[in-house]
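Step one of this worksheet: look at the structure below.
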């Protein structure tokens, strides 16, 4: 299996990109290193959401909750206890996956829109608790100044740590998507009724998918803490979850790397457009509308061959008339 | 093998199935016929677990499967194809069948082995048996209507069923395609010892192929017997065959 | 004497909760109506509520905060919101009706982003407030407590809106067509009715209600830019626990929200806001599809 992957052009591209990224801190200033690190974290989060949305067809509307739970768990452990850092790093994703399991168990009983609305409701409860439990979470202010172990503190060290962890996670995700489970998940996306008829318990598989996706969201949360040294209740806010959704749509939710690309574009837009104008969300809204109307499968979903073929069809249809 | 006893199912006030009985013995090719709205598809949905009956029983090999959900009914050895081609449109033909095979072998939750290395032989065999091998890498949504119906059957075969339920397998097919499909069905039944239960509107198909016919009207079973007996039964003639 | 005090306090809090519930209801009923007919949760609903409040402020201040100005604001602000939603719908939204629902939802999210910034551009980030006309100011003694007159006014308007919507939904031709279109759009189109206009009307009506809620709430709170975010979560939760698309469900949900928050204020003031959310979790555990039947 590994040998097959090593031979594909996609892997060679990925390896080239990885090597390039390794070299970035040698040439680029701290600001660009930081931005790239933000892209890594956000990208991982978007990729984890896409496991469920693009490959699983689920209406995961409040994915940010699991990101936030992972971040808060790690943040609280590192800031308020004297446990070693790795405990916090492991507890984050586990807490996120556990939350995913509990909320998921509620949601898979229903489908489509109900699934989404229920998740928003349950996730909002966690948000409001984080916002109001001032003594534990510092409420609206969030927690700042979280200490990081020496080897990964500082923006360059954090950058490398994030690069390695995110690459490892992506590799794992790739394996999972190529596995029988991945194939089954896509079948569930395409036709849940047919799946039931061939012996696949849709609920069971969706729940497993949720646990995996929320685990990776938790990893992304932990990485955020490593990078920023802070946590904010905004991570748990529902509107943020919809932004992650947009990243998947923007990049292409039926492709593997699409969400990562979408996250990169979003971060770039927010950083660079945001420095010119305070009306960055207006531009985001317009971009989203353009996407919905013209590029519903995202940037990477544009299949040039299909477009050419459909152009041919339209031409010949015109000729007949 | 399969026994349906006095099955009833209503949707609000509408009695979709109102006293259906069915007997299917091993090796049979049983056809269910009846006018539109007679409740045939609802009956199939009840048997396969997509709907739960209000009253009555469904026994499969002696076991009561009346209230099992669909994916568990499948595990008992019953597989089904649907009236409207119900495939996985974005997946390849090969993957369509492979998903079914993986489910049957309980491998659908395997996370860390590549799907393109598992169950290849079993999937290829099924595709060969139904004659779709040359299209195995086509996207399922792009197949012709007739080929989609055959893919339907192939997906059902992935479950290694003992009883195969086909919901109007030749709907919308030309006479050539119909003959080919039914020949395929009969060959599969012979080669793999499958028991087949199907419903159809095409009377030629029914009377040529079936070993036993069950007639439904307004949700009730009027009669189940050998084809000749059904053909000569006056009630059936008046109700359905138009007094032929 | 003590029991009188606590009874007064209880009544006061409950009545406040009920009035707040009326605002929540007016906004959520619009959301529920859109959800019931178009089957899409309107994420921009909170933004329209916010615009209603800002517009009401502008109109009222333009008339020097007079009585006429207030009523003009209550009347015109929702209309302004309705016009905005009509423009958005006819220009862009209606072209998406054939698409899958996820796309419609994402469109409403884009609308929320755009309207949010447009509001910031038009009105800026300052806090504003308007004053109710004199005869609605002050309070009335109710059950031993001083109950603000404006809240009483809200307690009248809420049920009026509910009855109005119910009559529209069940007694008028439009209501029947709208409900049919929600269930089977193709069939309704096949019998010659322009489904697109039915959806347009339903969307605009729902948004008008959001604007009305915003206008009505403006004398009681400070009008700021975060209003859209806070109300949309509450409206979504109310619609979910009430039953998707069900107007009476929106009423039940709003009442639960308002009352549990009042109870929370009396029991645990710092965590009062959590009480409604807890109620939501309890309800959804027992009845995940909501308390009342969903329209579809």
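From the list C:104, C:92, pick out the single residue that is over 20 Å from residue C:230 (Cα atoms), within 12 Å of chain A (Cβ to nearest Cβ) and touching a residue at least 24 places away in the same chain (Cβ under 8 Å).
Answer to the selection: C:104.
Looking at segment A:99-129, which of its residues are within 9 Å of another protein chain (Cβ to nearest Cβ), under 16 Å from residue C:235 (Cβ atoms) and touching a residue at least 40 places away in the same chain (Cβ under 8 Å)?
A:113, A:116, A:117, A:120, A:124, A:127 - these are the residues of segment A:99-129 that are within 9 Å of another protein chain (Cβ to nearest Cβ), under 16 Å from residue C:235 (Cβ atoms) and touching a residue at least 40 places away in the same chain (Cβ under 8 Å).
Hey, any hits in segment A:225-232 for a residue that's modelled with pLDDT of 90 or more, assigned to a helix (DSSP H, G or I), buried (at least 23 other Cβ atoms within 10 Å of the Cβ) and within 11 Å of another protein chain (Cβ to nearest Cβ)?
Looking for residues that are modelled with pLDDT of 90 or more, assigned to a helix (DSSP H, G or I), buried (at least 23 other Cβ atoms within 10 Å of the Cβ) and within 11 Å of another protein chain (Cβ to nearest Cβ), one finds none in segment A:225-232, hence no.
How about segment C:179-285: which helices (runs of 4 or more DSSP H) wholly inside it have at least 1 residues that are within 14 Å of chain A (Cβ to nearest Cβ) and modelled with pLDDT of 90 or more?
Helices (runs of 4 or more DSSP H) meeting the threshold: C:227-242, C:247-267.
Quick grid of which residues meet (1) more than 17 Å from residue A:236 (Cβ to Cβ); (2) away from every other protein chain (no Cβ under 14 Å); (3) at pLDDT 90 or above:
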position	(1), (2), (3)
A:47	yes, yes, yes
A:66	no, yes, yes
A:78	yes, yes, no
A:85	yes, yes, no
A:137	no, no, no
A:142	no, yes, no
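Going by the structure shown, is residue A:79 in contact with a strand residue (DSSP E or B) (Cβ under 9 Å, 6 or more places away or on another chain) and surrounded by fewer than 20 Cβ atoms within 10 Å (Cβ to Cβ)?
Working: in contact with a strand residue (DSSP E or B) (Cβ under 9 Å, 6 or more places away or on another chain): yes; surrounded by fewer than 20 Cβ atoms within 10 Å (Cβ to Cβ): yes.
Answer is yes for this residue.
What residue, among those in segment C:70-114 that are modelled with pLDDT under 85 and in a helix (DSSP H, G or I), is surrounded by the fewest Cβ atoms within 10 Å (Cβ to Cβ)?
Residues of segment C:70-114 that are modelled with pLDDT under 85, as a first pass: C:97-102.
Checking which are in a helix (DSSP H, G or I) leaves us with C:101-102.
Values: C:101: 15, C:102: 20.
For segment C:70-114, the residue satisfying everything is C:101.
Just to be sure, is residue C:289 more than 12 Å from chain A (Cβ to nearest Cβ) and either part of a loop (DSSP other than H, G, I, E, B) or at pLDDT 90 or above (or both)? Outline the logic, then answer.
Working: more than 12 Å from chain A (Cβ to nearest Cβ): no; either part of a loop (DSSP other than H, G, I, E, B) or at pLDDT 90 or above (or both): yes.
Judged against the criteria, residue C:289 is not a match.
Is it the case that some residue within segment A:162-179 is buried (at least 20 other Cβ atoms within 10 Å of the Cβ), more than 26 Å from residue A:104 (Cα to Cα) and within 20 Å of the chain's Cα centre (by Cα)?
So far as segment A:162-179 goes, yes, one or more of its residues are buried (at least 20 other Cβ atoms within 10 Å of the Cβ), more than 26 Å from residue A:104 (Cα to Cα) and within 20 Å of the chain's Cα centre (by Cα).
Hey, residue C:7 hits all of (1) out of contact with any helix residue (DSSP H, G or I) (no Cβ under 9 Å at 6 or more places or on another chain); (2) closer than 26 Å to residue C:149 by Cα; (3) without any contact (Cβ under 8 Å) to a residue 12 or more places away in the chain; (4) in a helix (DSSP H, G or I) but one; which does it fall short on?
Answer for residue C:7: the failing condition is (3).
Residues that are within 30 Å of residue C:63 (Cα to Cα), modelled with pLDDT under 85, assigned to a strand (DSSP E or B) and more than 10 Å from chain A (Cβ to nearest Cβ): does segment C:115-127 have at least one?
No, segment C:115-127 contains no residue that is within 30 Å of residue C:63 (Cα to Cα), modelled with pLDDT under 85, assigned to a strand (DSSP E or B) and more than 10 Å from chain A (Cβ to nearest Cβ).
In segment A:183-201, what residues are touching a residue at least 12 places away in the same chain (Cβ under 8 Å), within 8 Å of chain B (Cβ to nearest Cβ) and surrounded by 24 or more Cβ atoms within 10 Å (Cβ to Cβ)?
A:184, A:187, A:200, listed by residue number.
For residues in segment A:2-44 being closer than 21 Å to residue B:112 by Cα and surrounded by 13 or more Cβ atoms within 10 Å (Cβ to Cβ), which is modelled with the lowest pLDDT?
Checked segment A:2-44; the qualifying residue modelled with the lowest pLDDT is A:5.
Residue check, residue C:130 against (1) in contact with a helix residue (DSSP H, G or I) (Cβ under 7 Å, 6 or more places away or on another chain); (2) assigned to a helix (DSSP H, G or I), all met but one. Which one?
Going through the list (1) in contact with a helix residue (DSSP H, G or I) (Cβ under 7 Å, 6 or more places away or on another chain); (2) assigned to a helix (DSSP H, G or I), residue C:130 breaks only (2).
The values are calculated or read from the model by the stated rules, or taken from the named source; none is laboratory data. Everything numeric here is computed off the predicted structure, so don't read it as measured data. Note that we place each Cβ from the backbone using ideal geometry, even for glycine, and neighbour counts take in every protein chain shown.
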